[in-house]
Amino acid sequence: MAHQAHAMLYSVDPSPSPLTGAVAALLMTSGLAISMHFHTTTLMSLGLVLLLLTMYQSSRDIIREGTFQGHHTPPVQKGLRYGMILFITSEVFFFLGFFSAFYHSSLAPTPELGGCSPPTGITTLNPFEVPLLNTAVLLASGVTVTSAHHSIMEGQRKQAIQSLTLTILLGFYFTALQAMEYYEAPFTIADGVYGSTFFVATGFHGLHVIIGSTFFAICLLRQAQYHFTSDHHFGFEAAASYSHSCLMSYDSSFTSLFTDEAS
Amino acid sequence: MYYKFSGFTQKLTGAAPTAAYNPQGLKQSLPAESPTMIFATPTKVVSEAGSTVEYLGANKVPDLQKFFQTSDGIPVHLKRGYPDQLLYRTTMALTVGGVIYCLVALYIAAQPKKKPSLALLNEKPPLFCSLPFLIAPPHTKHDTYTVGVKKYCTLYI
């Protein structure tokens, strides 16, 4: 049995993507530091271009290995599932760090903040305006993604494409609303620990929504090109799991960061 | 035109042949007839070349599977030939160039700053020196640099 399972695994061809991805990370981080000292974004932009190139080529290669070369056998799929679960778990802990930063400062506010939370001078956002709409938009996208999943499993091509498109549009709507909130907010990232924790947490969350929308856009292209079958559509399931975890983190932010008083 | 009974609206709605009002869908072997419905204005006729309706293009996956499974020893990231090679070479050039640029930029950034003097503040780097052109000269003001977020008020915390 172990011998059979081994025969169903495969080794990937040598690829330049790990190197180019690592260099992209180097250029983006050093570029960010350089941009703050020398007011030039060239290095950071180069890193971003390299990141986009790496993303395109590595996902193209995985699609070739799985869909076209048939390497994603059940044991391989199991490994991919474990990988995605572990990655999402690491993202959850990443966000937990920012939540703990917020609670550290808000549950026992220092005299420098006015001894109260939210700190003196901060005009908070009303959670029942745009933040509530954003929560509803993300929840709706959870509904549409479940509908898309069931359509794929039932082999209903047109319905799957329509639900996926709607999911992506809802993701873009969220991003647009959040961008407007950022522009209109009465406080900035420089406004003490409240501003820092608020914008860093919601900023990383917004980035994750953009990543989720991009992942779904790739899934939409693949669904239109008949890559997914009713039994085997792990790419879509990975995107759906990632987006669901994103939604959960927004729900947690909504109850903690956006409220007028600390719990 | 094929119909199915929509449980949601409780009416007949348009459907693809496979979802038509027959629980098993239309039998693929039987040729389906489409009577031309003539109304006052001319209508489109659904042509019956095949029993499946294409939605957003035909299925090219079997052809691609055959193509990518040819055992020619070429790694998967170059399998398509010229377009793959072009992309790979561009990416590699940007990678190597980017690493060199990054190391030089970090080396320059690590140099100790000269003590500011009136003469130095008016100095500009030579025009055709590429690196200081790419990295802004050190006399730019720092205090007006914002992160792109509207400054409403800052607390001195």
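Between the beta carbons of A:THR120 and A:SER59, assuming R0 = 56 Å, the FRET efficiency works out to 0.70 to the nearest 0.05.
Peptide A:21-34 has a mean shielding of 4, counted as Cβ atoms of other protein chains within 10 Å of each residue's Cβ. Note on A:PHE258: accessible area is roughly 10 Å² with a 1.4 Å probe, heavy atoms of protein only. Based on the alpha-carbon gyration tensor of segment A:158-243 and its eigenvalue square roots a ≥ b ≥ c, which shape applies: rounded if a/c is under 1.5, prolate if not and a/b is larger than b/c, or oblate? Here segment A:158-243 falls in the prolate category.
Given a Förster radius of 51 Å and the C-beta distance between A:THR229 and A:HIS39 as r, what FRET efficiency does 1/(1 + (r/R0)^6) yield to the nearest 0.05? Efficiency, rounded to the nearest 0.05: 0.50.
To the nearest 10, the accessible area of A:TYR183 is 150 Å² with a 1.4 Å probe. Separation of the alpha carbons by more than 29 angstrom is noted, of B:LYS11/B:LYS60; A:LYS158/B:LYS11; A:LYS78/B:LYS66, for B:LYS11/B:LYS60. Per-residue 3J(HN,Hα) values for segment A:82-94, derived from phi via the Karplus relation 6.51 cos²θ - 1.76 cosθ + 1.60 with θ = phi - 60°, read 4, x, 5, 4, 5, 5, 4, 4, 5, 5, 4, 5, 4 Hz in sequence order (x marks Gly and Pro). In terms of accessible area, using a 1.4 Å probe and ignoring ligands and nucleic acids, B:LYS113, A:LYS78 rank largest first as B:LYS113, A:LYS78.
Think of it as helices only: each DSSP H run of n ≥ 4 in chain A is worth -39500 (n - 2.57), and spread over all residues that comes to -26000 deg cm²/dmol at 222 nm.
Per-residue accessible area (protein heavy atoms, 1.4 Å probe) orders A:PHE172, B:PHE68 as A:PHE172, B:PHE68, starting from the largest. Between A:THR144, A:THR135, A:THR54, the Gaussian network model of chain A with springs among Cα atoms under 10 angstrom shows the greatest mean-square fluctuation at A:THR54.
Heavy-atom accessible area, probed at 1.4 angstrom with all protein chains present, ranks B:ARG80, A:ARG222, B:ARG89 as B:ARG89, B:ARG80, A:ARG222, highest first. For segment A:145-184, the residues whose amide N sits under 14 Å from a probe point set 7 Å from the Cα of A:ILE88 along the beta carbon direction are A:145-146, A:149. Solvent-accessible area of segment A:72-260 (1.4 angstrom probe, protein heavy atoms only): carbon and sulfur portion equals 70 percent. Counting heavy atoms of the protein chains alone, B:LYS66 has an accessible area of about 150 Å² for a 1.4 Å probe. Between A:ALA185 and any residue 5 or more places off or on another chain, the built amide H atoms are never under 5 Å apart.
If R0 is 22 Å, what FRET efficiency do you get for B:LYS11 and A:GLU154 from their C-beta distance, rounded to 0.05?
Here the calculated transfer efficiency is 0.55.
Residues in segment A:147-161 carry Karplus couplings, in order, of 4, 4, 4, 5, 4, 4, 5, 8, x, 8, 5, 5, 5, 4, 5 Hz; the curve used is 6.51 cos²θ - 1.76 cosθ + 1.60 with θ = phi - 60°, and Gly or Pro positions show x.
Around the amide H of B:TYR2, modelled in the peptide plane, lie the amide H atoms of B:ALA15, all under 5 Å away and 5 or more residues distant in sequence or on another chain. Residue by residue along B:95-103, Cβ atoms of other protein chains within 10 Å of the local Cβ number 6 on average. For the chain pair A and B, buried accessible area totals roughly 4300 Å², probe 1.4 Å, rounded to the nearest 100.
The values are calculated or read from the model by the stated rules, or taken from the named source; none is laboratory data. Computed from a predicted model, the values in this text were never measured in an experiment. In this analysis, Cβ positions are derived from the backbone assuming ideal geometry, glycine residues included, and neighbour counts consider all displayed protein chains. When the accessible area is computed, the model is the full protein with side chains, heavy atoms only, and any ligands, DNA or RNA have been set aside. Shrake-Rupley method; radii C 1.70, N 1.55, O 1.52, S 1.80 Å.
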